[in-house]
Amino acid sequence: MKRDRSKGVTFWGWTFIIIGIFGLLLTILLFNKFINYQGEIPKKQISYFWDFLAFSLSIVGGIYLLKLKNWARWMILILCFLGIVDTILTSPIVFNNSAVEQKQEELIKKYKPEHQQKVRKQMECMDKTLPFVNYFTIFIFIILYLCPIIFFTRPKVKEQFKNKIDKIQ
């Protein structure tokens, strides 16, 4: 007996498949950029392993969401929760700004001495708006991760993922 799948489950299934494919391709393309000539992977880029794993699981989860497998629903819920944690932990707000300041100083040194003061003022202006942009970006990502969590924990949606054996009992 075939189970009916709601439009919301279909939407989220295809969304996770499409985002997973594009994210996986982008991760693979960008990963090669961060490998040193000696073949060493910088510690900072270990997050690419997480991205590769998360996007791969997103594709698998999306496919099996379309087949109404309950384990896929749980996998997507866990991935979204881990996405929220990852967003918060890897945000520039959490990390020390010394690396950012060092990059800015390196950039300023590339300008002629007579232009360095102007560049410093422009960067100070950017530093004032950057926290707002960071908080806003984190907020948007958290909302995007919360949407499927809220959707897949609704009773009517959970009912679609019940096995035929569970429905009989």
Going through region 62-79 in order, the residues found to be farther than 15 Å from Gly8 by Cβ and of a type outside the set (Phe, Trp, Tyr) are Ile63, Lys67, Lys69, Asn70, Met75, Ile78, Leu79
Are there any pairs, at least 6 apart or on different chains, whose C-beta atoms fall under 6 Å, with the first in region 12-26 and at pLDDT 95 or above and part of a helix (DSSP H, G or I) and the second of a type in the set (Gly, Ala, Ser) and surrounded by 15 or more Cβ atoms within 10 Å (Cβ to Cβ), and if so, which? Gly13/Gly62; Phe16/Ser58; Phe16/Gly61; Phe16/Gly62; Ile17/Gly62; Gly20/Ser58
Residues that are modelled with pLDDT of 70 or more and of a type in the set (Phe, Trp, Tyr): list the helices (runs of 4 or more DSSP H) wholly contained in region 38-125 that include at least 1 such residues. 47-66, 70-89
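The values are calculated or read from the model by the stated rules, or taken from the named source; none is laboratory data. Note that the structure is predicted; figures quoted are calculated from it, not measured. Glycine gets a Cβ as well: all are built from the backbone with ideal geometry, and neighbour counts include every protein chain shown.
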